[in-house]
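Trainee: I'd like to ask some things about the structure below.
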Amino acid sequence: MTVPTARDVTRAALWMGLYALLALFPLLLLLAAPARWGGGFSEELASALGFLALSIMAMQFVLTARFQWVAPPFGTDLVYAFHRHVTAVALGFALLHPVLLFGSSLRGALHYLWPWAAPWEIAAGVWSTYALLALALTSWLRKRLRLPYEAWRWLHGLLAVLAVAVGVWHAIQAGRLLSSPVVRWLWLAWTLAWVGLIVRVRLVKPLSLRAYPWTVVEVRPERGDAVTLVLEPEGHDGFRFRAGQFAWLTLGPSPLGGAEHPFSFSSSSQAAPRVELTVKAVGDFTRAAQRTRPGQRAWLDGPYGSMSIDSFPDADGHVFIAGGVGAAPCLSMLRTLADRGDRRHHLFILATSEWDRTPFREPLAALQERLDLQVVHVLERPPPGWTGERGLVDEPLLDRWLPRGGRYGHFVCGPSPMMDAVETALGRLGVPLSDLHSERFDLV
Ligand SMILES: Cc1cc2nc3c(=O)[nH]c(=O)nc-3n(C[C@H](O)[C@H](O)[C@H](O)COP(=O)(O)OP(=O)(O)OC[C@H]3O[C@@H](n4cnc5c(N)ncnc54)[C@H](O)[C@@H]3O)c2cc1C
């Protein structure tokens, strides 16, 4: 079992407490200035759930607003997982709201499900719930519906703003709790301030990036349908990053309007401001990126993410477990360790489909000359005569290779099914949660 330490529990409790306080703030505001409206307990509860649903939805914008300080205690993965799961909570509250409000007369109110038949202040609530429902379904079923990521991203933003804005309108018009103008304005400002954060990601960030262009100075083909783009800042100092972090990359003459995609740095953090990103061809953007030529313009928003060797400065060594191009951030961490002259023992378990398509084979072999590094290749389809590990990374394989004794930092990066299996196996093998860091390449 993965063992959370007291520090993990305290940090998690503090963050969850802060989140709960912020989400409950609108209700606390209403409690501080209660309105006299004569509703019974179930009506009060229904209203509270409605306000809570709106508050949670509004706060979703802060989780994805790319504040560097939001991710550190848990990692970007968990923040996005929380973002997904808490949507279900908001949806549950939004659906319970009319059920409790109408109570025994619910059957008679069912025609409101057809919003055109409802008074407009109620129709607003129905539309808000529909927007939230559509948002949740298109996110949970995106891959099955074959919705392209970019189209989904725009739809997601639109539905989110719609759900909150129309929901706020519904609360003001239909809710007698907001009869006091002061409470109404305070509540409105609080809720819409969070929603405004979408402008930060979609407009303010790209606009601010215009002053910081980057140039692609080299394009290196890699094994397994990938290229490494070497970037240098153009007329500015670039930024420092921690090995293991990632940035959002836009290719083209302007950061505005272009599609931006997240990629881990694969170069040493000691080589900054020059950075390298390794891009595997899987879809439209990454396929186009393979045709990038030196001299082309690029834009980087970053660094982000909390997976880094620098989170474990006192470790006795590190264990990296990666699948395919998930090796990129691990390579960055190993290159950084080599540049720092690190003398500790490190293990890298790299799972790939075939030997010829195994990325970073040569750089890893070169790193073994500079580091106390053991590399274990695990091949799904090994060539004839292969005597190394084969198949998938599972608990027995990890048990065979994991170092005994000492405290190691563990980093896992690869396709989701592999990560789920590895994280579970590491937990069963007794790796504490605090010694484990992972990065998922599919946020949605
Ligand atoms: C933190 C992080 C680090 C990553 N590091 C690397 C790396 O070092 N090397 C590498 O090859 N890949 C990396 N990826 C994955 C890479 O971002 C996707 O492969 C790429 O965005 C796919 O875009 P596409 O249009 O080519 O393919 P699509 O077919 O459009 O997308 C394939 C999948 O990639 C994800 N994706 C697509 N667009 C985006 C986007 N704009 N934002 C977020 N996710 C998106 C979605 O899950 C989608 O289902 C990383 C992803 C994340 C989240």
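The values are calculated or read from the model by the stated rules, or taken from the named source; none is laboratory data. In this text the structure is predicted, and so the values were computed from the model without any measurement. Cβ atoms come from the backbone with ideal geometry, glycine included; neighbour counts cover every protein chain shown.
Trainee: Pick from P313, P294, P363, P255: which is without any contact (Cβ under 8 Å) to a residue 24 or more places away in the chain and away from the ligand (no atom under 11 Å from the Cβ)?
Mentor: On the way: P294 fails: without any contact (Cβ under 8 Å) to a residue 24 or more places away in the chain; P363 fails: without any contact (Cβ under 8 Å) to a residue 24 or more places away in the chain; P255 fails: without any contact (Cβ under 8 Å) to a residue 24 or more places away in the chain.
Among P313, P294, P363, P255, only P313 is without any contact (Cβ under 8 Å) to a residue 24 or more places away in the chain and away from the ligand (no atom under 11 Å from the Cβ).
Trainee: Return a yes/no flag: does the range 98-120 have any residue that is assigned by TED's automatic domain parsing to the domain that holds T64 and under 22 Å from F61 (Cα atoms).
Mentor: At the first step, the residues of the range 98-120 found to be assigned by TED's automatic domain parsing to the domain that holds T64 are 98-120.
Now restrict to residues that are under 22 Å from F61 (Cα atoms): none.
No.
Trainee: For the subset of the range 258-270 comprising residues that are more than 6 Å from the ligand (Cβ to nearest atom) and modelled with pLDDT of 95 or more, which member is surrounded by the fewest Cβ atoms within 10 Å (Cβ to Cβ)?
Mentor: Restricting to residues being more than 6 Å from the ligand (Cβ to nearest atom) and modelled with pLDDT of 95 or more, the top hit is Q270.
Trainee: Something else now. Considering only residues that are among the β-branched types (V, I, T) and in contact (Cβ under 8 Å) with a residue 60 or more places away in the chain, look in the range 186-207 and name the one that is nearest to G167 (Cα to Cα). Lay out the reasoning, then the answer.
Mentor: In the first step, residues of the range 186-207 are kept if they are among the β-branched types (V, I, T); the result is 191, 195, 198-199, 201, 204.
This time we only want the ones that are in contact (Cβ under 8 Å) with a residue 60 or more places away in the chain, so: 191, 195, 198, 201.
On the way: T191: 10, V195: 12, I198: 17, V201: 22 Å.
Taking the candidates together, the pick is T191.
Trainee: Could you please find all residues in the range 166-217 being surrounded by 13 or more Cβ atoms within 10 Å (Cβ to Cβ), small (G, A, S) and in a helix (DSSP H, G or I)?
Mentor: Hits for the range 166-217 are G167, A171, A174.
Trainee: Quick one: in the range 231-245, of everything that is touching a Phe, Trp or Tyr at 6+ places or on another chain (Cβ under 6 Å) and outside any loop (DSSP other than H, G, I, E, B), which residue is nearest to the ligand (Cβ to nearest atom)?
Mentor: Taking the candidates together, the pick is L231.
Trainee: Could you say whether any residue in the range 178-186 is charged (D, E, K, R), assigned by TED's automatic domain parsing to the domain that holds A32, in contact with a helix residue (DSSP H, G or I) (Cβ under 8 Å, 6 or more places away or on another chain) and within 16 Å of the ligand (Cβ to nearest atom)?
Mentor: Residues of the range 178-186 charged (D, E, K, R): 184.
Filter again for assigned by TED's automatic domain parsing to the domain that holds A32, leaving 184.
When the remaining residues are screened for being in contact with a helix residue (DSSP H, G or I) (Cβ under 8 Å, 6 or more places away or on another chain), the result is 184.
Next, from what is left, pick out any that are within 16 Å of the ligand (Cβ to nearest atom): none.
Within the range 178-186 (the criterion being charged (D, E, K, R), assigned by TED's automatic domain parsing to the domain that holds A32, in contact with a helix residue (DSSP H, G or I) (Cβ under 8 Å, 6 or more places away or on another chain) and within 16 Å of the ligand (Cβ to nearest atom)), the answer is no, since none of the residues qualifies.
Trainee: Looking only at the range 90-112, which residues are more than 13 Å from V168 (Cα to Cα), at pLDDT 90 or above and of a type outside the set (V, I, T)? Break it down into steps so the answer makes sense when it comes.
Mentor: If we filter the range 90-112 for residues that are more than 13 Å from V168 (Cα to Cα), which is where we start, we get 90-93, 95-112.
Pick out the ones that are also at pLDDT 90 or above and you get 90-93, 95-100.
Correct list: A90, L91, G92, F93, L95, L96, H97, P98, L100.
Trainee: Would you check if T215 is more than 13 Å from the ligand (Cβ to nearest atom), of a type in the set (S, T, Y), farther than 23 Å from L436 by Cα and at pLDDT 95 or above?
Mentor: Details: more than 13 Å from the ligand (Cβ to nearest atom): yes; of a type in the set (S, T, Y): yes; farther than 23 Å from L436 by Cα: yes; at pLDDT 95 or above: yes.
So T215 passes the test.
Trainee: Determine, yes or no, whether R335 is charged (D, E, K, R), over 25 Å from T424 (Cα atoms), crowded, with 24+ Cβ neighbours inside 10 Å and within 16 Å of the ligand (Cβ to nearest atom). Spell out the reasoning first.
Mentor: Values: charged (D, E, K, R): yes; over 25 Å from T424 (Cα atoms): yes; crowded, with 24+ Cβ neighbours inside 10 Å: yes; within 16 Å of the ligand (Cβ to nearest atom): yes.
Yes: the conditions hold for R335.
Trainee: Another question about this same structure. Of all residues in the range 339-374, how many are over 31 Å from the mean Cα position of the chain (by Cα) and among the small types (G, A, S)?
Mentor: Of the residues in the range 339-374, 3 are over 31 Å from the mean Cα position of the chain (by Cα) and among the small types (G, A, S).
Trainee: Pairs only if they're at least six apart or on different chains, beta carbon under 9 angstrom, first in the range 416-444 and away from the ligand (no atom under 16 Å from the Cβ), second of a type in the set (K, R); list them, first residue then second.
Mentor: Partner pairs satisfying both residue conditions: P432/R407; S434/R7; D435/R407.
Trainee: Of the residues V279, V319, which is within 11 Å of the ligand (Cβ to nearest atom), part of a strand (DSSP E or B), among the hydrophobic types (A, V, I, L, M, F, W, C) and under 27 Å from A365 (Cβ atoms)?
Mentor: Within the list V279, V319, the selection yields V279.
Trainee: If you go through the range 218-228, how many residues are of a type in the set (A, V, I, L, M) and near the ligand (Cβ under 10 Å from one of its atoms)?
Mentor: First, pick out the residues of the range 218-228 that are of a type in the set (A, V, I, L, M): 219, 226-227.
Pick out the ones that are also near the ligand (Cβ under 10 Å from one of its atoms) and you get 226-227.
Selection size over the range 218-228: 2.
Trainee: Right, another one. Within the range 218-250, track down each residue that is crowded, with 22+ Cβ neighbours inside 10 Å and among the aliphatic types (A, V, I, L, M).
Mentor: Of everything in the range 218-250, those that are crowded, with 22+ Cβ neighbours inside 10 Å and among the aliphatic types (A, V, I, L, M) turn out to be A226, L229, L231, A243, A247, L249.
Trainee: Are any residues in the range 137-154 part of a helix (DSSP H, G or I), surrounded by 16 or more Cβ atoms within 10 Å (Cβ to Cβ) and of a type in the set (A, V, I, L, M, F, W, C), and if so, which ones?
Mentor: Of everything in the range 137-154, just one residue is part of a helix (DSSP H, G or I), surrounded by 16 or more Cβ atoms within 10 Å (Cβ to Cβ) and of a type in the set (A, V, I, L, M, F, W, C), namely W152.
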